[in-house]
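Visitor: Here's a structure for you.
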Amino acid sequence: MMLPRIALTPGEPAGIGPDLCVMLAQQPMAGQLVAVADPQLLQRRAALLGLPLQITRFDPRTPATPNPPGSLPVLSVALAREEQCGRLDSANSGYVLETLRVATRQALDGHFQALVTGPVHKGVINEAGHPFTGHTEYLAQLCQSEAVMMLATEGLRVALATTHLPLSQVSTQITRERLERVIRTLVRDLSGSCGIARPRILVCGLNPHAGEDGHLGREEIEVIEPVLESLRAEGIRLTGPLPADTLFTQKYLRRADVVLAMYHDQGLPVLKHMGFGQAVNITLGLPVVRVSVDHGTALDLAGSGDANPGSLQQAVAMAIRMAENRILSIN
């Protein structure tokens, strides 16, 4: 099988993303990891951490080979201004977005089999004048695709029907069309990229007690239940809508492959409680595999050597597995 080649974007240059890249470069890899970043940024961070780092220039024409420990191929994107650990600089917001654009373009051209993204700071990107709600939405726009966010940790996967929306807007966005699209994307990508044939999906209700037969809201009756009934008739394995306060118990979870939550803070607090620091964020529905860390920029830890690379290690391992599954499903 072809060795997967993974593009890694470190994210916010003042945060821990560059630290994590340097730490990961010290370890043997089951695929080839290529940083899409400013090479001088990575060298400066390696010096701060006291870790060896030999940077080589990435050449997409050469076959993928495993990274020797302490070595990292780099596809160069220049910072606008030299970073300072822990201090956000809006001048570098364009750099963060450019690393994502370059990595995505190269993946769409077939030079990478997956993307792994480090943490970004949404606030400073928006302050610089770039509309940005998150990786999921941004990559969907670059790929001209409809994306679905899913986080995964040991024993639990949670996908979202809506992502980064104010709570006041969620109910209007839970439509039959959106819900059907999200479920079909889940089934397709869990089968093709995650190797789960006929996934079992638990679906949360939107309202407390899943609407209490319409007394606490009618979205379950008018939107969610009709969609689930229609898709069950096609053989899709769906349970719900269930109250979110009881769905996340072993009685239900042991019989499911993924939970579909209606909004961000309905499902993700449970998952992060179970596996923070070891969970990964997966974007389904894209023409390329994309996996990310489950944490933020941790500006206070940048350059200290105290950052935990666990989530990034899990993200790269997951990206390699998903890329291999996708290669097998295509072949």
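Visitor: Of these, VAL148, VAL120, which one is in contact (Cβ under 8 Å) with a residue 60 or more places away in the chain, closer than 20 Å to MET322 by Cβ and not charged (D, E, K, R)?
Guide: VAL148
Visitor: Name the residues in region 130-161 that are open to solvent by 10 Å² or more (accessible area, probe 1.4 Å), over 24 Å from GLY195 (Cβ atoms) and either of a type outside the set (A, V, I, L, M, F, W, C) or in a loop (DSSP other than H, G, I, E, B) (or both), would you?
Guide: Of everything in region 130-161, those that are open to solvent by 10 Å² or more (accessible area, probe 1.4 Å), over 24 Å from GLY195 (Cβ atoms) and either of a type outside the set (A, V, I, L, M, F, W, C) or in a loop (DSSP other than H, G, I, E, B) (or both) turn out to be HIS130, PRO131, PHE132, THR133, GLU137, TYR138, GLN141, GLN144.
Visitor: Identify all residues within region 7-39 that are of a type in the set (A, V, I, L, M) and closer than 17 Å to GLY303 by Cα; write none if there are none. Walk me through how you get there before you give the answer.
Guide: Within region 7-39, the subset of a type in the set (A, V, I, L, M) is 7-8, 14, 16, 20, 22-25, 29-30, 33-37.
Correct list: ALA14, ILE16, LEU20, VAL22, MET23, LEU24, ALA25, ALA37.
Visitor: Still on this structure, I have one more. Which one of these does LEU48 not meet: (1) within 14 Å of GLY303 (Cα to Cα); (2) part of a strand (DSSP E or B)?
Guide: Every condition holds for LEU48 apart from (2).
Visitor: Condition first: open to solvent by less than 20 Å² (accessible area, probe 1.4 Å), under 20 Å from ALA256 (Cα atoms), modelled with pLDDT of 95 or more and in contact with a helix residue (DSSP H, G or I) (Cβ under 7 Å, 6 or more places away or on another chain). Now tell me which residues in region 168-205 satisfy that.
Guide: Hits for region 168-205 are LEU179, ILE183, PRO199, ILE201, LEU202, VAL203, CYS204, GLY205.
Visitor: Anything in region 83-99 that is open to solvent by less than 60 Å² (accessible area, probe 1.4 Å) and either assigned to a loop (DSSP other than H, G, I, E, B) or not assigned by the TED database to the domain that holds ARG290 (or both)? List them, or say none.
Guide: Residues satisfying the conditions are GLU83, CYS85, GLY86, ASP89.
Visitor: So in region 70-79, with the set limited to residues that are of a type outside the set (S, T, N, Q) and open to solvent by less than 20 Å² (accessible area, probe 1.4 Å), which one is farthest from GLU12 (Cα to Cα)?
Guide: Here the answer is GLY70.
Visitor: Counting just the residues of region 206-231 that are under 24 Å from THR283 (Cα atoms) and more than 25 Å from the chain's Cα centre (by Cα), which one comes out surrounded by the most Cβ atoms within 10 Å (Cβ to Cβ)?
Guide: Applying the filter and picking the extreme gives ILE224.
Visitor: Oh, and also: Could you check how many residues of region 80-95 are more than 11 Å from ALA14 (Cα to Cα) and touching a residue at least 60 places away in the same chain (Cβ under 8 Å)?
Guide: Qualifying residue count for the region: 1.
Visitor: Within region 13-40, can you find the residues that are open to solvent by less than 10 Å² (accessible area, probe 1.4 Å), part of a loop (DSSP other than H, G, I, E, B) and under 28 Å from SER193 (Cα atoms)?
Guide: Residues satisfying the conditions are ALA25, GLY31.
Visitor: Additional query: From the list THR99, THR133, THR117, pick out the single residue that is β-branched (Val, Ile, Thr) and closer than 30 Å to PRO226 by Cβ. I'd like the intermediate steps shown before the answer.
Guide: Details: THR99 fails: closer than 30 Å to PRO226 by Cβ; THR117 fails: closer than 30 Å to PRO226 by Cβ.
It is THR133.
Visitor: Going by what's in this entry, would ARG254 be described as at pLDDT below 95, open to solvent by 60 Å² or more (accessible area, probe 1.4 Å) and out of contact with any helix residue (DSSP H, G or I) (no Cβ under 9 Å at 6 or more places or on another chain)?
Guide: Taking the combined requirement at face value, the residue satisfies it.
Visitor: For region 169-225, give me each residue that is closer than 19 Å to THR246 by Cβ and in contact with a strand residue (DSSP E or B) (Cβ under 6 Å, 6 or more places away or on another chain).
Guide: ARG200, ILE201, LEU202, VAL203, CYS204, GLY205, ALA210, GLU220, ILE224
Visitor: List pairs: first residue in region 152-167 and closer than 17 Å to ASP189 by Cβ, second residue of a type in the set (Phe, Trp, Tyr) anywhere in the structure, Cβ distance under 8 angstrom, at least six positions apart or on different chains.
Guide: LEU160/TYR263; ALA161/TYR263
Visitor: Quick check, is VAL102 of a type in the set (A, V, I, L, M, F, W, C), assigned by the TED database to the domain that holds HIS121 and farther than 17 Å from LEU312 by Cβ?
Guide: Details: of a type in the set (A, V, I, L, M, F, W, C): yes; assigned by the TED database to the domain that holds HIS121: yes; farther than 17 Å from LEU312 by Cβ: yes.
So VAL102 fits the description; yes.
The values are calculated or read from the model by the stated rules, or taken from the named source; none is laboratory data. Since we're looking at a predicted model, the values are computed, not measured. Quick reminder, even Gly has a Cβ in these numbers, built from the backbone with ideal geometry, and neighbours come from all protein chains shown. Note: areas computed on protein heavy atoms with side chains; ligands, DNA, RNA excluded. Shrake-Rupley method; radii C 1.70, N 1.55, O 1.52, S 1.80 Å.
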